Every structure is written in structure tokens, then in C-alpha cells.
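The values are calculated or read from the model by the stated rules, or taken from the named source; none is laboratory data. Small disclaimer: the values here were computed from a predicted structure and weren't measured. Cβ coordinates were reconstructed from backbone atoms using ideal geometry, including for glycine residues, and neighbour counts include every protein chain displayed. Accessible surface areas use protein heavy atoms only, side chains included; no ligands, DNA or RNA. Shrake-Rupley method; radii C 1.70, N 1.55, O 1.52, S 1.80 Å.
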Amino acid sequence: MSPWAAQFAAARTQTDKLFSLLDPAALYDRPVAERHRIIFYLGHLEAFDWNLLLRYKLDQPSFHPTFDKLFAFGIDPEPGRAPADRASDWPLEREVREYGSRVRRHVDENLADLPEQLLHVAVEHRLMHAETLAYLFHNLPYGAKRGPSPAATSRPVITGNPMIDIPAGTAVLGRSKDDAFGWDNEFDRHTVEVPAFRISKFKITNGEYLKHVREGAAPPNFWTERNGRWFLRAMFGEIPLPLDWPVYVSHAEAIAYAEARGGSLPTEEQFHRAAQGSTAANADFDGWDPVPVDTGIPGSHGAFQMLGNGWEWTSTVFGPFPGFEKFPFYPGYSADFFDGNHFVLKGASPRTAACFLRPSFRNWFRPDYPYLYAGFRITSHTAENP
Ligand SMILES: [Fe+2]
């Protein structure tokens, strides 16, 4: 098997395994109101490859124009504009699977004629969906999916989450055209000076956030309460809320918490500074759920888990780096989201593939989207930089 055939096979295995967790009836469910029904994604993963590799690049004639179009793009509606289609509007699973098998055969037969950049785009696109599909499946009822029961760790809860000092210095963002593959928004590489600041040593935990909820904040999407006790809705079952796991919240919830504590969220530049020297912890499909926030080894400045165990929200509005150019073959990948309504996330989650652990990778979502495996930490000023 050629190296690219192996990469496609590995990425397809990841997404095929995800779909195999589902009760087939759940394929027509819409577990998140702002996204398509699951059946869309079964077709989308293949239609994307077809439209990019075979239609756009190799100009091959379409064998199913209706599906190429139906499954071309996902959605990210403004608040209050969720889709209203019915399950019966979608094709049969059998038809979608037949389309997919045929696309895969065409792709595999043409790999040698395709440029590396587009092959990277196709493989990484599929792996991104391996994560975003997990978010969707997370919100299905437990009876609609099968998987390993969550295991909460029984260990002493960490005592405190001190603020640590990050000295003033430079951060390198983005990548250069001479580097290996990156998405359009990762270019160009540039260096910024970051003044000294302070940041939480650990991600904010469920235990810390519980105090905030007891003070009146709404509980996160991943929590549920029964008889006065809090539980975590883990991927395959509920467990008593693990107080030393990172809390996963929306950007709006993260900001409100930070402000209530007199702090802020880090900027994208500050995140880069604090993350220097970090190694991955709980990423690349290691597990389905988080681990305690003090697992792993800290980065050069003493912060834990800047890469893994949950994305982290930043205060930076998603926008282009100096020198940004759209990909001609996918002009809307980033530019459609430079609208002031999306914020940058950095790091990685347990369901983030290894290829996205490069420091230049940027993720972005709307501030009120609560379904991500994303938490945060807070920053504050130093005495020298009040
Ligand atoms: Fe997609």
C-alpha cells in the first residue's frame, strides 16, 4: 500500500468506526439543532473527496450530481436559524453507502495523479469530522450508541489551581510556505512580542466551575443534576461529576466565569507563549472522555495540558494572519468565518487526530456553541503589566 493509500485507509477507519457505534435508526437523528442530521455526514465525508479530488482537480464526470451537491457542505447557522428538514427528506442509508463505496474506489484509483496538498486537505478534512462527529454523537441518547463505559478516577482531588507567571517574550504563530502542509489560516508565520502575564496552571476544573454554578451560573451542556447531585454526561454513560477533570463550556460561559473571577481569557498569542515546550496529553483518540487536569508533564513555563484533554477558548476573534491567501480549491474554508462571530481555540481534545497537534493549527467556533470538547483557563495581569 502506498503511503497515501495507507493514510486514507487509516482516516476512513476512524470515521467508519464512529458510524459503527450507532444504532442504525440514529442515522436520521439530529442530535445538535444547529447541525445536519447524521446521515448527511455519512455522505459528506465521501462527497467532499469526490468534489475536491475527482471533480475539481481531475475534472472527471460526475456519476451522481445530486449527491455531490446534497452532501457538499455542512452548516453553521446564526443563532435561531437552525435547519427544519425532515428525516424523510434524506436518501436511504443503502444509497448513501453505495455512493460512498464508489467514491472511495475512484479516489483510490487516482491517488498517484493527485497533488500532495489536496491529499492532505482530504485526509485532514475527514479527521476533523472524526472529532466533530463525536460531538454530535455525544448528544444522542445512550440507547442509540454502544461503547466503553466511562471510568472516573478515584484519587485525591487536586488542591487549587494557582496562577503562574509567563515572562515577557516572543511567540511564533503560523507557518511558513516552506513548512509542511497547513490550512490557509495557518499562513504566514510571524513573530509577536507578548508582555508578561499570569495564567492558570491547570485548565479550569469541574470542581472550580461547580462553585460558579452554585453562585447562580447555568450548568454546562455536559452536566446533569438528579436529586441535588451533579453528574457528567460522558460519551457512553453518566458518572458522578469528576471534580478534577476539565470543565467543557461555551466561549460565553468561559468569559462569564473569567470575569466573575476578575480575569480574562488568554489571547491566541498568550496561549502560544504559555504552551511553549508542551507535549500532548489525552489526544489522538486516546479515549472518549477527559482525564484529571494534572495528568502529563507541564510545558516550559509550568502549565499543564496546553495540548490535549480539551481545546481551550481564547479571547481572539478568528481572523486572517498577515499574508493570508484563500485556497483556490476551497475558498470558504476559513474566509467564510472571518465574520467577527467566531473565536479561536487552541490545544486539542481527546478526539483530535495527531496531525492537528502542530502548534500552528487553529480551531474556531461560535461563542454560544456548547457542544465542543473545549474548556479554558484564565489570565491576569502581572505587577509589571497591570
Ligand atoms: Fe466538512
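Which condition number does Thr15 fail, the rest of (1) under 13 Å from Leu136 (Cβ atoms); (2) open to solvent by 30 Å² or more (accessible area, probe 1.4 Å) being met?
(2)
What are the pairs, 6+ residues apart or on separate chains, where a residue within segment 173-185 that is at positive phi has its Cβ under 8 Å from a residue that is of a type in the set (S, T, N, Q)?
Taking only residues 6 or more apart or on different chains, the pairs are Gly174/Ser360.
Can you say whether Tyr135 is within 16 Å of the ligand (Cβ to nearest atom) and under 30 Å from Tyr41 (Cβ atoms), as far as the supplied structure shows?
So Tyr135 fits the description; yes.
Output the strands (runs of 3 or more DSSP E) that fall wholly within segment 152-232 and possess 2 or more residues being open to solvent by 20 Å² or more (accessible area, probe 1.4 Å), or say none.
Per the criteria, 163-166, 169-173, 190-194, 223-226.
Do we have Ala87 as exposed (fewer than 13 other Cβ atoms within 10 Å of the Cβ) and either more than 16 Å from the ligand (Cβ to nearest atom) or β-branched (Val, Ile, Thr) (or both) here?
Answer is yes for this residue.
Yes/no per residue for (1) at pLDDT 95 or above; (2) open to solvent by 10 Å² or more (accessible area, probe 1.4 Å); (3) of a type in the set (Phe, Trp, Tyr); (4) closer than 22 Å to Thr352 by Cα:
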{"site": "Tyr248", "(1), (2), (3), (4)": "yes, yes, yes, yes"}
{"site": "Ser264", "(1), (2), (3), (4)": "yes, yes, no, no"}
{"site": "Ala274", "(1), (2), (3), (4)": "yes, no, no, yes"}
{"site": "Ser278", "(1), (2), (3), (4)": "yes, yes, no, yes"}
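Of all residues in segment 129-151 being open to solvent by 40 Å² or more (accessible area, probe 1.4 Å) and outside any loop (DSSP other than H, G, I, E, B), which is nearest to Phe71 (Cα to Cα)?
Taking the candidates together, the pick is Thr132.
Run down Leu52, Leu22, Leu27 and say which single residue is open to solvent by less than 20 Å² (accessible area, probe 1.4 Å), within 14 Å of the ligand (Cβ to nearest atom), touching a residue at least 60 places away in the same chain (Cβ under 8 Å) and of a type in the set (A, V, I, L, M).
On the way: Leu22 fails: within 14 Å of the ligand (Cβ to nearest atom); Leu27 fails: within 14 Å of the ligand (Cβ to nearest atom).
Going through Leu52, Leu22, Leu27 in turn, just one is open to solvent by less than 20 Å² (accessible area, probe 1.4 Å), within 14 Å of the ligand (Cβ to nearest atom), touching a residue at least 60 places away in the same chain (Cβ under 8 Å) and of a type in the set (A, V, I, L, M): Leu52.
Could you list, in sequence order, the residues of segment 336-386 that are within 22 Å of Leu119 (Cβ to Cβ) and not in a strand (DSSP E or B)?
Those that are within 22 Å of Leu119 (Cβ to Cβ) and not in a strand (DSSP E or B): Thr352, Ala353, Ala354, Cys355, Phe356, Leu357, Arg358, Ser360, Phe361, Arg362.
Can you pull out every residue in segment 240-268 that is more than 19 Å from Pro367 (Cα to Cα) and under 23 Å from the mean Cα position of the chain (by Cα)?
The answer is Leu241, Pro242, Leu243, Asp244, Trp245.
Taking only segment 96-128 into account, find how many residues are in a helix (DSSP H, G or I), more than 13 Å from the ligand (Cβ to nearest atom) and either within 30 Å of Glu238 (Cα to Cα) or of a type outside the set (A, V, I, L, M) (or both).
16
Out of His129, His106, which single residue is within 21 Å of Gly74 (Cβ to Cβ) and touching a residue at least 12 places away in the same chain (Cβ under 8 Å)?
Sole residue among the options that is within 21 Å of Gly74 (Cβ to Cβ) and touching a residue at least 12 places away in the same chain (Cβ under 8 Å): His129.
Condition first: open to solvent by 30 Å² or more (accessible area, probe 1.4 Å), closer than 20 Å to Leu140 by Cα, more than 16 Å from the ligand (Cβ to nearest atom) and of a type in the set (S, T, N, Q). Can you find one or more residues in segment 64-76 that meet it?
No, segment 64-76 has no match at all.
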